[in-house]
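**Student:** First the structure, then my questions, so here it is.
The values are calculated or read from the model by the stated rules, or taken from the named source; none is laboratory data. Source: prediction; values computed, not measured. Backbone-built Cβ (ideal geometry, glycine too); neighbour counts: all protein chains shown.
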């Protein structure tokens with residue numbers, strides 16, 4: 001029986017779970033009833049989405065079969081406002097994701113990976129019926145942005161590729177795997193060889209479509225080869241080196257803005273992934289500012305412990321006074337990380353927030369006795385507002401000595 005004797009509908013799916021730890025591919029359960037994709041404009045605190053930026057477009061949920069048409073209408077209603085787009089999606093329909101990516105390219109959009117928490121939803125869960133209905137209302141919603149643990153999986157990374165400017169925070173996740181071809185027949189139940197032929201045709205179409213799209217968007221075809229090698233039932237979380245090598249985000253330093261955290265202990269934090277000079281390796285560093293009073297603060301710096309052979313390490317920061325400020329030595333060591341502490345006054349942290357960036361310097365003594373130094377500049381974006389929120393939680397001054405690496409247990413890498 002010929003394939004043309006049937007009416008064939010081919011659906012190409014890329015769908016994955018909402019979270020996976022970085023590393024090799026692994027088998028994971030797929031979501032059963034993920035929410036369809038929603039689009040809305042959110043407004044946060046000053047500089048919440050970059051310097052001078054307080055509003056953004058949130059794109060979240062599964063890429064369903066009608067997502068591209070709704071997205072086109074949404075962008076038309078949003079007009080030509082130059083708003084960054086934040087993606088949070090488990091994946092879904094590949095055709096729809098590529099169509100949406102093409103719209104981002106037309107718009108010359110800036111796209112990032114991040115999840116939006118809508119404050120207008122109150123105590124309702126973000127995926128509750130009431131909150132989703134609010135997100136679909138077309139209203140401007142008040143919200144907060146978070147990159148830590150934000151996911152853009154399966155079809156979502158290809159949507160991201162459509163943006164002219166692409167940024168993936170060091171604490172956000174991108175995951176890929178191969179496509180699943182679903183074939184629907186009308187006109188009876190075809191024999192196995194007809195079903196197999198239709199599936200193969202669908203797979204070939206998906207490969208051609210996706211590889212051409214990746215090249216058109218200026219990314220490396222290696223992304224296609226990697227994704228195709230991962231079973232649909234698994235997923236591979238892209239490393240920082242792969243994100244750069246495939247041309248998704250080519251920044252040598254990827255950093256988050258400073259953000260207030262109200263967890264076990266209130267603090268202001270920032271993370272950065274820095275490419276090692278002349279190599280493929282990347283190193284994740286974290287900074288946290290905590291207070292014992294509204295006059296006494298400590299800046300903690302955390303990084304992976306240095307390899308053996310390097311001794312007498314020092315770290316210092318400039319931009320908060322007439323000379324570099326050196327962190328206390330030796331650092332505390334916990335679970336393979338070094339945690340350094342620097343005592344600061346209220347005036348010092350405010351001075352840090354007043355400059356657009358600070359220089360961070362590290363040095364070690366090599367085996368031959370020479371000191372090897374490296375320096376990098378990092379942004380203070382978001383620090384001023386986050387410090388204002390932190391200061392409101394700090395108690396009045398007390399006659400106590402601020403212990404080095406306060407909160408070291410909470411500072412362990414996540």
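Conditions (1) modelled with pLDDT of 95 or more; (2) closer than 24 Å to residue 127 by Cβ; (3) not in a strand (DSSP E or B), marked per residue:
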position: 9; (1), (2), (3): no, no, no
position: 21; (1), (2), (3): no, yes, yes
position: 25; (1), (2), (3): no, no, no
position: 30; (1), (2), (3): no, yes, yes
position: 52; (1), (2), (3): no, no, yes
position: 65; (1), (2), (3): no, yes, yes
position: 70; (1), (2), (3): yes, yes, yes
position: 73; (1), (2), (3): yes, yes, yes
position: 102; (1), (2), (3): yes, no, yes
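**Student:** Would region 351-365 turn up any residue that is modelled with pLDDT under 90, over 30 Å from residue 242 (Cα atoms), touching a strand residue (DSSP E or B) at 6+ places or on another chain (Cβ under 9 Å) and assigned to a loop (DSSP other than H, G, I, E, B)?
**Tutor:** Here is the first cut: in region 351-365, the residues modelled with pLDDT under 90 are 362-365.
Subsequent filtering for residues that are over 30 Å from residue 242 (Cα atoms) retains 365.
Then drop every residue that is not touching a strand residue (DSSP E or B) at 6+ places or on another chain (Cβ under 9 Å), which leaves 365.
When the remaining residues are screened for being assigned to a loop (DSSP other than H, G, I, E, B), the result is none.
No, because not a single residue in region 351-365 is modelled with pLDDT under 90, over 30 Å from residue 242 (Cα atoms), touching a strand residue (DSSP E or B) at 6+ places or on another chain (Cβ under 9 Å) and assigned to a loop (DSSP other than H, G, I, E, B).
**Student:** Scan region 247-260 for residues that are at negative phi and either assigned to a loop (DSSP other than H, G, I, E, B) or crowded, with 17+ Cβ neighbours inside 10 Å (or both) and jot them down.
**Tutor:** Initial filter on region 247-260 (at negative phi): 248-260.
Residues satisfying the conditions are 248, 249, 250, 251, 252, 254, 255, 256, 257, 258, 259, 260.
**Student:** Which condition number in (1) part of a loop (DSSP other than H, G, I, E, B); (2) over 18 Å from residue 305 (Cβ atoms); (3) in the same structural domain as residue 294 (by TED's automatic domain parsing) is the one that residue 397 fails?
**Tutor:** Against the list (1) part of a loop (DSSP other than H, G, I, E, B); (2) over 18 Å from residue 305 (Cβ atoms); (3) in the same structural domain as residue 294 (by TED's automatic domain parsing), residue 397 comes up short only on (3).
**Student:** Kindly indicate whether residue 305 is within 30 Å of the chain's Cα centre (by Cα), surrounded by fewer than 12 Cβ atoms within 10 Å (Cβ to Cβ) and within 24 Å of residue 240 (Cβ to Cβ). Don't jump to the end; show me each part of the working.
**Tutor:** Values: within 30 Å of the chain's Cα centre (by Cα): yes; surrounded by fewer than 12 Cβ atoms within 10 Å (Cβ to Cβ): no; within 24 Å of residue 240 (Cβ to Cβ): yes.
Considered against the rule, which asks whether it is within 30 Å of the chain's Cα centre (by Cα), surrounded by fewer than 12 Cβ atoms within 10 Å (Cβ to Cβ) and within 24 Å of residue 240 (Cβ to Cβ), residue 305 comes out as no.
**Student:** How many of the residues in region 219-246 are out of contact with any helix residue (DSSP H, G or I) (no Cβ under 8 Å at 6 or more places or on another chain), surrounded by fewer than 21 Cβ atoms within 10 Å (Cβ to Cβ) and not in a helix (DSSP H, G or I)?
**Tutor:** Looking only at that region, the number is 8.
**Student:** Take region 338-347 and flag every residue that is surrounded by fewer than 17 Cβ atoms within 10 Å (Cβ to Cβ) and either at pLDDT below 90 or assigned to a helix (DSSP H, G or I) (or both).
**Tutor:** Passing the criteria: only 347.
**Student:** Can you tell me how many residues within region 204-214 are free of Cβ contacts under 8 Å to residues at least 40 places away in the same chain and touching a helix residue (DSSP H, G or I) at 6+ places or on another chain (Cβ under 9 Å)? Spell out the reasoning first.
**Tutor:** Keep residues of region 204-214 that are free of Cβ contacts under 8 Å to residues at least 40 places away in the same chain, which gives 204, 207-208, 211-212.
Those left that are additionally touching a helix residue (DSSP H, G or I) at 6+ places or on another chain (Cβ under 9 Å): 207, 211.
Summing the residues that are free of Cβ contacts under 8 Å to residues at least 40 places away in the same chain and touching a helix residue (DSSP H, G or I) at 6+ places or on another chain (Cβ under 9 Å) in region 204-214 gives 2.
**Student:** Just one of the numbered conditions (1) without any contact (Cβ under 8 Å) to a residue 24 or more places away in the chain; (2) within 30 Å of residue 179 (Cα to Cα); (3) buried (at least 19 other Cβ atoms within 10 Å of the Cβ) is not true of residue 269; which one?
**Tutor:** So the condition that residue 269 fails would be (2).
**Student:** Out of the residues in region 46-61 meeting the condition of being crowded, with 17+ Cβ neighbours inside 10 Å and touching a strand residue (DSSP E or B) at 6+ places or on another chain (Cβ under 8 Å), tell me which one is nearest to residue 76 (Cα to Cα).
**Tutor:** Step by step, filter region 46-61, then rank; the result is 57.
**Student:** Let me ask you something else. Please find, within region 32-45, the residue that is modelled with the lowest pLDDT out of those that are part of a loop (DSSP other than H, G, I, E, B) and surrounded by 15 or more Cβ atoms within 10 Å (Cβ to Cβ).
**Tutor:** Taking region 32-45 as the starting set, the residues that turn out to be part of a loop (DSSP other than H, G, I, E, B) are 32-35, 37, 44-45.
Next, from what is left, pick out any that are surrounded by 15 or more Cβ atoms within 10 Å (Cβ to Cβ): 34-35, 37, 44-45.
Working: 34: 61, 35: 69, 37: 96, 44: 94, 45: 89.
Of everything passing the filter in region 32-45, 34 is modelled with the lowest pLDDT.
**Student:** Name the residues in region 353-379 that are touching a helix residue (DSSP H, G or I) at 6+ places or on another chain (Cβ under 9 Å) and within 27 Å of residue 330 (Cβ to Cβ), would you?
**Tutor:** As a first pass, look at region 353-379 and keep what is touching a helix residue (DSSP H, G or I) at 6+ places or on another chain (Cβ under 9 Å): 353-354, 358.
Once the filter is applied, which keeps residues that are touching a helix residue (DSSP H, G or I) at 6+ places or on another chain (Cβ under 9 Å) and within 27 Å of residue 330 (Cβ to Cβ), region 353-379 yields only 358.
**Student:** Just name the residue that is surrounded by the most Cβ atoms within 10 Å (Cβ to Cβ) out of those in region 191-218 that are within 22 Å of the chain's Cα centre (by Cα) and in a loop (DSSP other than H, G, I, E, B). Talk me through it step by step, then tell me what you get.
**Tutor:** Step one: filter region 191-218 for residues within 22 Å of the chain's Cα centre (by Cα), giving 214, 217-218.
Retained after the next criterion (residues that are in a loop (DSSP other than H, G, I, E, B)): 217-218.
Details: 217: 21, 218: 12.
Out of the qualifying residues, it is 217.
**Student:** List every residue pair whose Cβ atoms lie under 8 Å apart, where the two residues are 6 or more positions apart in sequence or sit on different chains, the first residue falls within region 328-356 and is closer than 15 Å to residue 316 by Cβ, and the second residue, located anywhere, is modelled with pLDDT of 90 or more and surrounded by fewer than 16 Cβ atoms within 10 Å (Cβ to Cβ).
**Tutor:** As it stands, the answer is 340/328; 341/328; 342/326; 342/328; 343/328, since those pairs meet every condition given.
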